[in-house]
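Worksheet for the structure shown next.
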Amino acid sequence: MTDPIRIGFVTGATPDKWARHWRDRRREPLELVPVTESDQLDGVRDGSLDMALVRLPVDRDGLHCVRLYDELQVAVASRDHVLAAATWTTTSWSGRTRAAGRPRPSSSTGRR
């Protein structure tokens, strides 16, 4: 039996779509291997993975990279949040601070 083609993938990648097409068209076995974003290239560089679906940017030195698609980033708020009533565009966020995490409530209502 042939060794499987090992493909690493980061959270949010869509390996099932690619794997389904591979399995429909090829006889070689395929193995999907979850990897962390911080380690996404390690398996390719050390040979334990044949390829990986990664999140850019990455150090491309010594690698052959094919851009498959661009991720669409979205902002999400509760429907009843004050931000949901606003009309936002990508230029609305230009120059603004972006931070991850939960904001501290500034009043007894829990709203900021």
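Read the figures in this text as sums done on the coordinates, not as results from a lab. Nothing here was measured: the structure is a model prediction, and the numbers come from that model. Virtual Cβ from ideal backbone geometry, glycine too; neighbours counted across all protein chains shown.
Brief remarks follow.
- Protection proxy ranking for 68-77, 38-47, using the average of other Cβ atoms within 10 Å per residue and placing the highest first: 38-47, 68-77.
- Order of 22, 88 under a 10 Å beta carbon neighbour criterion, fewest first: 88, 22
- Taking the centroid of alpha carbons for each part, the stretch 3-21 and the stretch 59-78 are 15 Å apart.
- Ordering 35, 66 from the fewest to the most neighbouring beta carbons within 10 Å gives 66, 35.
- Leading residue at positive end of dipole, the stretch 5-53 (Cβ point charges), from 33, 21, 47: 21
- Isotropically averaged projected area of the stretch 5-53, using the convex hull of Cα atoms (one quarter of hull area), nm²: 3.1 nm²
- Formal net charge of residues neighbouring residue 23 (Cβ-Cβ distance under 12 Å; K, R +1; D, E -1): +1
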